[in-house]
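Here's the structure, in structure tokens; my notes come after.
The values are calculated or read from the model by the stated rules, or taken from the named source; none is laboratory data. These numbers come from a predicted model, not from an experiment. Please note that ligands, DNA and RNA were not included when accessible areas were found on the heavy atoms of the full protein model with its side chains. Shrake-Rupley method; radii C 1.70, N 1.55, O 1.52, S 1.80 Å.
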Amino acid sequence: MRRLTLAVVLGFLLLPVSAFGAREFAKVGTIGGQFLKIPMGARPVAMGSAYVSLADDANSVFWNPAGIARLSRTVLSIHHT
């Protein structure tokens, strides 16, 4: 009787793992920041996202923050996502 009770209890404890699969538990917390993958700026996107070395406008904050040092004037970039 003891073994049967232990088997039933272990069966109920393992039920969520078998119902959802092990892969579902690995995905927890991976869909919260999907909007961060949307690239910023029309020019960088048109260049195929190869903008890291050229970053010389307000979009350099997103693509290469070191590009801010290359700015010679005040610039503003507004994005809507």
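Give me the percent of the accessible area of segment 29-81 that comes from carbon and sulfur atoms, probe 1.4 Å, all protein chains in place.
Working: 2470 of 3970 Å².
Accessible surface attributable to carbon and sulfur in segment 29-81 totals 62 percent.
Applying the Karplus relation 6.51 cos²θ - 1.76 cosθ + 1.60 with θ = phi - 60° to segment 40-55 yields 3J(HN,Hα) values of 9, x, 6, 5, x, 5, 5, 8, x, 6, 9, 10, 4, 7, 9, 3 Hz, where x marks Gly and Pro.
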